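One structure is given here, and the rest of the page talks about it.
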There are 4 protein chains.
Amino acid sequence: MRQSAWKKRRKSVSDQWRLLVECADQEGLVHKITGVLYRAQCNVLVNHEFADLNRSRFFMRTEFSGSIARDAIIDELRQILPPESSVRLICPGKKRLVIMASREHHCLADLVTRCVYDELDAEIAGVISNHDTLRPLVEMNGLPFVHLPHEDVSRDEHERQILEKLDELQPDYVVLAKYMRILGPEFVKRFSNRIINIHHSFLPAFIGAKPYHQAWERGVKVIGATAHFVTNELDQGPIIEQQVINVDHTHGPKDMARAGRDVERMVLARALRVVTEDRVFLNGNRTVIFD
Amino acid sequence: MRQSAWKKRRKSVSDQWRLLVECADQEGLVHKITGVLYRAQCNVLVNHEFADLNRSRFFMRTEFSGSIARDAIIDELRQILPPESSVRLICPGKKRLVIMASREHHCLADLVTRCVYDELDAEIAGVISNHDTLRPLVEMNGLPFVHLPHEDVSRDEHERQILEKLDELQPDYVVLAKYMRILGPEFVKRFSNRIINIHHSFLPAFIGAKPYHQAWERGVKVIGATAHFVTNELDQGPIIEQQVINVDHTHGPKDMARAGRDVERMVLARALRVVTEDRVFLNGNRTVIFD
Amino acid sequence: MRQSAWKKRRKSVSDQWRLLVECADQEGLVHKITGVLYRAQCNVLVNHEFADLNRSRFFMRTEFSGSIARDAIIDELRQILPPESSVRLICPGKKRLVIMASREHHCLADLVTRCVYDELDAEIAGVISNHDTLRPLVEMNGLPFVHLPHEDVSRDEHERQILEKLDELQPDYVVLAKYMRILGPEFVKRFSNRIINIHHSFLPAFIGAKPYHQAWERGVKVIGATAHFVTNELDQGPIIEQQVINVDHTHGPKDMARAGRDVERMVLARALRVVTEDRVFLNGNRTVIFD
Amino acid sequence: MRQSAWKKRRKSVSDQWRLLVECADQEGLVHKITGVLYRAQCNVLVNHEFADLNRSRFFMRTEFSGSIARDAIIDELRQILPPESSVRLICPGKKRLVIMASREHHCLADLVTRCVYDELDAEIAGVISNHDTLRPLVEMNGLPFVHLPHEDVSRDEHERQILEKLDELQPDYVVLAKYMRILGPEFVKRFSNRIINIHHSFLPAFIGAKPYHQAWERGVKVIGATAHFVTNELDQGPIIEQQVINVDHTHGPKDMARAGRDVERMVLARALRVVTEDRVFLNGNRTVIFD
């Protein structure tokens, strides 16, 4: 994650911290890690650990307060942890989002409301769309709207334009809030594990296009939505959140889509809450979420 | 439960009726059908209709009371309905079930309790299993248990033995309550639209074997169960009921299976409630359920 | 949204109709009512009936299309129905809402989005608030915001001011979207059965002030929200919609309130969907909802 | 909890342990407690902590394996913990339940199935009932059924008889599975925090008798069930688990009761799972549940 002036600003604020550790599992890790914090006279507020015995991986998230020397703490942790551990010591603050959308408003409008009214620990750096439809919604909230049409440009050129804009906006996360185009491998690689998509089905059911039509054809009694990290396998990335809603024989594909919109906005909002509060770890193609 | 002259018993009892009509859609059907009942001085208690505009099919279920001449009413209805209509005039009463199971107890035990204590409008004519494991559970409830092992016989011969037993037991419906073998086309044909299966996933996700292992591999946050009619396409028959339950990263495949068992028994019981109360119509590969 | 000749507009548009009948229960009502429509060559699309046997009341909602003489149909219906029946023949169209709110944004913002983007069959005639906090949210959507502070005026005078404004705005329904003051009997009477409130608990639990604090004190594992019609008994009016969400010991009152906000906006939106689509009947202090 | 021959048996089995600590909150507790286990070369499998900042109480549950000297570990823990801490070091094993029921079968039948088939970490020492109705269900499972009628004896004498039987059966927990009588203060005191009741409403709504009738009168759209510890205030004890189910205007009190039975058995089974796995702490009139 590149550092910007914007980021420095949030560094100085407080003595609240989030420690995120991921490493090979071994005995005594909780004791050793909490020992570092205890000796530094930190006050642990919340603590979560998980050991994945299949993959022998250990995950820990700790919220604590204290006046610490950040780099010293990290050094000390590295000394007690196994090699190749991941240690992140994060000062809580708003994450910076760029939202990509196409023509549907519901997820975007919900996220804008939540960010503007501090329901999500995030701020929207800008909205990028391949259509101009949602400009009024974005601009009336005083947020930058960037229209990058996909017509008359190659896919590569279109993605190059988006990446250029993203370089400028410096997001922590890119959120696909009903962005209806598939992103190429180069794009995904550039924002590895930092692109979050809302898919309008209970994955892995109804992968691909027109999931509500597929769901109706199959005659399901429950439809869902899935928020997941984007990888290069379509609709196959690690799942963050899923919810469902009941439907019945009176629901045609359009009714299912209507019912589904409420699930979609809820699922995406919940996924972003845990992501922006640094509660999500990747564990292979799965997620560990401390909530 | 004594094996009695059950079919006769349920014919004579009462003046309560369920009328089930399915036909090509056309105008005025509700008016015409209720007219037949009104002129026969029947008292309509509940009425449900649905017109599938895609397939131009009309479905109606009416509960009414009255001292009627059953055949005369059916004749009169046939005269006002389009050709090739389906008209069923059913006297409410316990449906007769044969349950097929393998080694898992949870769905079977739940169904036995519900039938014995009149929670379901059904009685169990017998339980057929390819294992001997569940015999005590069945026999202590005074129900016939038939062990038909699948070892040392061909698949065809095994199914022939089961069909022979079913011919004897005369079920209205065959319930696969965790019966872990696939039934052949001849078998399915014999009980067309009368075999109900509980599948341990939110279909169409995780079709086939080991769905909980598949779900864990995929890292889903919600698991489910599906009750459906059995057709010759594996796990593709019309869905009757689905429900889900939340899981998280601490659930391994075994924990998912444990959580899933509660969903399975609930979903199968709900499906059988609507089936035994004659609330389910088939509509192509979907169901119409009036509840 | 421009203040236009909206009432006229929705009268003339289409040959789509909603018939709502409520009357004393008697035999043959469905047959007689559908007969009137059949003879007028109307095409019934959806039909729902319910007979409350305790109160001997009959409720019916029918969607149909046809070029009808509206008054003639109503006359004909009155002739076949019992005395003192209620017959409404409504041309579908946007209902006109006035929303009252105090300082919390979440329900209001959600309703504004849904109305602006045609997710709800409603338009917002204006927003009235006893605070000025939510003005930007309302005005940036081009909607009238009326600030009527409650300080320095008597309760009666405050309500008189609001009623005056409502007389001007002519709403079909008044929606209390987190309006934190209790309305007097005169006010409620003026908009009898037309005021809808969202209460932040699973009524009848936690009636009155600070429901989330009450819920936390009681140690509940599930919190909820209730949308209901307002009557002169506080939090006792007919319930339209309720939903709940799981909480646990880590949720303090503030966390419960945060979790609850998502249930509140969802419950209010669902309640308004059925209200604006004319799906809700009052049945004593209960509701009959055809959905 | 009194020690019995039965209890000694389960002590010797394994090197799996559950440590439950409750004490005044102070800094470094996790570090100190895990230190004791680390130095004893125990392998921590799962760890949960919670600090209630309102009451300044700390709760911790740890599953670990190791060949330990039980008393030595407890001594060592007591030295590092604040005074008046509660330390329990439990060898996992089946909890011993006595179930009290009246005439309704559904919760009892579900618990019997779960205990017999090892779905719950519990065994049923016996069933006590004020009616003889459920005897066959219990005895066919080879479990003792004790009929203690409440007619013709005083309330005190009736409870004395039950207590005498409980003294003999030596349960870890007494489960009220639809036992329809209120227990006196002496009784509750004897099994303080060890009596679990299933109440057929979403408490605190519909306290007292006939909750489904109350719910129907109020016109709720959701009904629920609550499992809670019994205290001397009726329906006011600490809540363990709650769930709900949707209902609508077609549900009379009997239909609500039917729908409610499924919630009741599910809620009671979930509550007993966390109780028997030593996952539940009392925290004033609330519970802390590590699951």
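Table: residues versus (1) within 14 Å of chain A (Cβ to nearest Cβ); (2) not in a helix (DSSP H, G or I).
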position	(1), (2)
C:Leu111	yes, no
C:Arg114	yes, no
C:Glu119	yes, yes
C:Val127	no, yes
C:Pro136	yes, no
C:Glu151	no, yes
All-but-one check, C:Val146 against (1) touching a residue at least 40 places away in the same chain (Cβ under 8 Å); (2) assigned to a strand (DSSP E or B), failing number (1)
From the option list D:Glu164, D:Glu186, single residue qualifying as free of Cβ contacts under 8 Å to residues at least 24 places away in the same chain and assigned to a helix (DSSP H, G or I) is D:Glu164
Considering residues that are within 23 Å of the chain's Cα centre (by Cα) and away from chain C (no Cβ under 11 Å), the number found within segment B:11-46 is 9
Scanning segment C:252-291 for residues that are acidic (Asp, Glu) and either away from chain D (no Cβ under 14 Å) or not in a loop (DSSP other than H, G, I, E, B) (or both) gives C:Asp255, C:Asp262, C:Glu264, C:Glu277, C:Asp278
D:Asn197 passes all but one of the listed conditions (1) within 30 Å of C:His228 (Cα to Cα); (2) assigned to a strand (DSSP E or B); the exception is number (1)
Is it the case, given these coordinates, that B:Arg103 is in a loop (DSSP other than H, G, I, E, B), basic (Lys, Arg) and within 17 Å of B:Leu176 (Cα to Cα)? yes
The residue that is surrounded by the fewest Cβ atoms within 10 Å (Cβ to Cβ), considering only those in segment A:221-245 that are in a loop (DSSP other than H, G, I, E, B) and more than 10 Å from chain B (Cβ to nearest Cβ), is A:Glu233
Note on D:Glu119: of the conditions (1) surrounded by fewer than 19 Cβ atoms within 10 Å (Cβ to Cβ); (2) within 24 Å of B:Ala257 (Cβ to Cβ), unmet is (1)
Quick count over segment A:98-143, residues being in contact with a Phe, Trp or Tyr (Cβ under 6 Å, 6 or more places away or on another chain), more than 16 Å from A:Arg265 (Cα to Cα) and in contact (Cβ under 8 Å) with a residue 12 or more places away in the chain, is 3
**Prompt:** Quick check, is D:Phe50 farther than 20 Å from C:Thr250 by Cβ, out of contact with any Asp or Glu (no Cβ under 7 Å at 6 or more places or on another chain), in the same structural domain as D:Ser86 (by TED's automatic domain parsing) and aromatic (Phe, Trp, Tyr)?
**Reply:** no
When segment D:147-179 is checked residue by residue, the ones that are in contact with a helix residue (DSSP H, G or I) (Cβ under 6 Å, 6 or more places away or on another chain) and more than 18 Å from D:Ile195 (Cα to Cα) are D:Leu148, D:His150
- Query: Looking at this structure, is D:Asp248 assigned to a helix (DSSP H, G or I), within 30 Å of C:Ala51 (Cα to Cα) and either within 14 Å of chain C (Cβ to nearest Cβ) or at pLDDT 95 or above (or both)?
  - Reply: no
*Meets criteria (of a type outside the set (Ser, Thr, Tyr) and in contact with a Leu (Cβ under 8 Å, 6 or more places away or on another chain)) for B:Ala205*: yes
Within segment D:47-77, residues more than 8 Å from chain A (Cβ to nearest Cβ) and assigned to a strand (DSSP E or B) come out as D:His48, D:Phe50, D:Asp52, D:Arg57, D:Phe58, D:Phe59, D:Met60, D:Arg61, D:Thr62, D:Glu63, D:Phe64, D:Ser65
Of (1) in contact with a Pro (Cβ under 9 Å, 6 or more places away or on another chain); (2) assigned by TED's automatic domain parsing to the domain that holds D:Leu282; (3) not aromatic (Phe, Trp, Tyr), D:Glu63 fails just (2)
How many residues of segment C:1-34 are in a loop (DSSP other than H, G, I, E, B) and either under 17 Å from C:Asp278 (Cα atoms) or at pLDDT 50 or above (or both)? The answer is 6
Given the conditions (1) within 16 Å of B:Gly260 (Cα to Cα); (2) outside any loop (DSSP other than H, G, I, E, B); (3) within 14 Å of another protein chain (Cβ to nearest Cβ); (4) of a type outside the set (Val, Ile, Thr), every one holds for B:Leu203 apart from (2)
Condition set part of a loop (DSSP other than H, G, I, E, B) and under 30 Å from C:Pro253 (Cα atoms), scope segment D:84-95, selection farthest from the other protein chains (Cβ to nearest Cβ): answer is D:Glu84
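The values are calculated or read from the model by the stated rules, or taken from the named source; none is laboratory data. No experiment lies behind these values; they were computed from the predicted model shown. Positions of Cβ are generated from backbone atoms using ideal geometry, with glycine treated the same way; all protein chains shown enter the neighbour counts.
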